[in-house]
1. Less than 10 Å Cβ to Cβ from residue 429, Lys/Arg counted +1 and Asp/Glu -1: what total charge do the surrounding residues give?
2. Of the heavy-atom accessible surface of region 397-461 (probe 1.4 angstrom), what whole percent is carbon and sulfur?
3. So between residue 380 and residue 90, what do we pick up on full extension, going 0.36 nm a residue minus the alpha carbon distance?
4. Along Cα→Cβ, 7 Å out, is where each label goes; now give me the distance between the ones at residue 448 and residue 394 in nm to one decimal.
5. Restricting to the chain, what percent of DSSP beta bridges are antiparallel, rounded to 5?
6. Can you give me the solvent accessible area of residue 259 with a 1.4 Å probe, rounded to the nearest 10 Å²?
7. Could you go through region 422-427 in sequence order and give the Karplus-derived ³J(HN,Hα) for each residue, using 6.51 cos²θ - 1.76 cosθ + 1.60 with θ = phi - 60°, rounded to whole Hz, and x for Gly and Pro?
8. Using 24 Å as the Cα-Cα cut-off, could you pick out the over-long pairs in 338/373; 206/448; 156/206?
Amino acid sequence: MNGKIVHIKSFGCQMNKLDTALVSSALKEAGFSLTASVKEADVVLINTCSVREHAEQRVLSHLGHLKHIKENKPDLIVGVIGCMAQRLGDKLLEHEAVNIVCGPTQIPQIAKLITEALERNEKRLAVTEKILQKTSENQNQTLERFESAYGIEDKKIPSQAYVRAMRGCNNFCTYCIVPYVRGPEVCRAPEAIIEQIKRLASQGVKQVTLLGQTVNSYKYKKGRRIWCLADLLDAASAIEGIEWLKFVTSYPSEEFFDEILQVMADSPKVCNYLHIPAQSGSDKILRAMNRNYTAAWYLELLAKARATVPGIAIAGDFIVGFPGETEEDFEATVELLKKARYRNSFIFKYSPRPGTTADKRLEDTVPAEVKQKRIAELLAVQEKISDELSRDFLDKEVKVLVEGLSKKSHLNIGGSGDNPQLVGRTATDYIVVFNGPTSLAGQFAKVKITKTSPLTLFGELI
Ligand code: SAH
Ligand code: SF4
Ligand code: F3S
């Protein structure tokens with residue numbers, strides 16, 4: 001113990017949450033202790049996201065709040081890590097509240113940066129300068145060592161863990177900031193991934209989610225053999241203690257798709273859930289987004305998935321109001337969404353990201369009120385579909401992995417004495433709310449569904 005207390009908060013995606021878990025355990029290892037309360041902390045770290053302007057604004061307003069706290073607590077060290085740190089670098093370091101800026105490819109340094117900031121009261125910057133260039137062997141090894149040494153802890157949700165299959169992204173969808181903040185794609189060695197999953201399993205982890213921006217294109221050449229995601233899933237299925245395997249996010253591509261579907265169909269441990277964003281239903285917009293498929297081809301891919309894996313749950317992402325999106329283009333997106341019958345879609349308004357091709361070459365032509373109208377319409381269509389799909393679960397039994405107390409844990413919807421309300425997820429990623437003992441957190445449970453809503457199933461513990 002070095003006596004210093006750190007509070008850390010995530011503002012981003014699963015990758016970002018995984019980094020938070022890695023940083024947390026690295027800091028513990030270095031002698032820091034962690035706290036859930038900002039008040040108690042000597043160091044506050046915020047792990048940030050740059051994917052949309054709104055995500056960055058949330059961070060900036062949080063920094064404003066921390067600046068306020070620092071007026072009464074001038075020794076407080078504030079560190080900004082994650083994608084926004086890489087994007088803004090020294091500009092962010094100029095912010096009055098900020099002492100440390102550290103990009104996602106530099107997090108192995110975090111304990112050292114904090115120690116230096118505490119000792120010398122100097123500002124500290126660690127970002128990768130030529131982020132778009134091939135990652136150096138040295139940096140890769142450093143990240144890999146950090147990842148495998150500390151990738152063993154995420155106590156927030158018991159029995160579950162994220163494991164990175166690949167870093168970065170090479171796709172350069174024209175709207176997207178990710179390649180500019182996470183750097184080029186690097187697939188981790190299969191033995192490192194499998195070793196890590198074994199260690200997690202020995203610590204009681206039952207569900208592992210493999211992460212990658214285009215995780216289905218995972219590819220690693222080992223001797224004469226090429227490992228793909230299906231091989232990873234297959235090898236991980238053989239690990240004792242691992243019950244459920246999930247993976248996100250998939251990019252619509254045919255490479256390895258059959259293999260992945262086959263392992264899903266064959267292995268009871270590989271969950272029948274596919275998150276495979278379409279982004280738009282208009283071929284013109286897909287081209288402008290640099291997504292390498294057409295709407296018709298994408299729908300064929302989904303049909304193939306459903307034929308190979310009956311009952312598969314499919315989720316998608318969409319961007320509305322991309323530059324040049326006409327009413328006709330938007331209608332094509334509505335059509336695709338209806339045909340795809342996703343169990344859920346994540347829908348966003350286009351947000352220009354500085355430095356991306358779309359921002360440099362295309363004008364943000366769709367007015368804010370039109371984006372608002374389109375997002376509302378698309379959400380409503382999806383909600384109707386989600387509601388229909390959820391209703392199929394009425395009176396059925398589902399198996400869930402219990403996450404813990406629900407947000408409304410004080411409510412009792414009946415059936416289980418005075419137990420609090422818990423939340424769990426099915427293998428197909430449905431959220432299930434029911435009453436039960438808190439000791440079920442991290443365990444599997446069977447629930448009979450008595451009520452449904454578009455995104456949540458409600459039921460009674462069996
Ligand atoms: N790698 C994943 C997702 C990365 S970002 C994939 O390719 O599917 C998560 C989602 O944010 C994307 O799927 C996209 O729908 C959305 N998104 C990314 N950049 C955006 C932008 N500039 N404006 C609005 N939404 C964006
Ligand atoms: Fe962004 Fe496209 Fe890469 Fe996904 S695949 S992270 S949307 S560039
Ligand atoms: Fe994730 Fe946001 Fe970075 S979506 S990869 S935290 S830009």
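1. +3
2. Its accessible area is 51 percent carbon and sulfur atoms.
3. 100.2 nm
4. Here the modelled spin labels are 1.6 nm apart.
5. Antiparallel bridges make up about 35 percent of those DSSP assigns within the chain.
6. 90
7. Listing the rounded values in order: 10, 10, x, 10, 7, 4 Hz.
8. Over 24 Å apart, Cα to Cα: no pair at all.
The values are calculated or read from the model by the stated rules, or taken from the named source; none is laboratory data. Quick caveat: nothing in here was measured; it's all calculated off a predicted structure. Every residue, glycine among them, receives a Cβ derived from its backbone with ideal geometry; neighbour counts consider all protein chains shown. Each accessible area value is taken on the protein alone, full model and side chains, heavy atoms only, with ligands, DNA and RNA left out. Shrake-Rupley method; radii C 1.70, N 1.55, O 1.52, S 1.80 Å.
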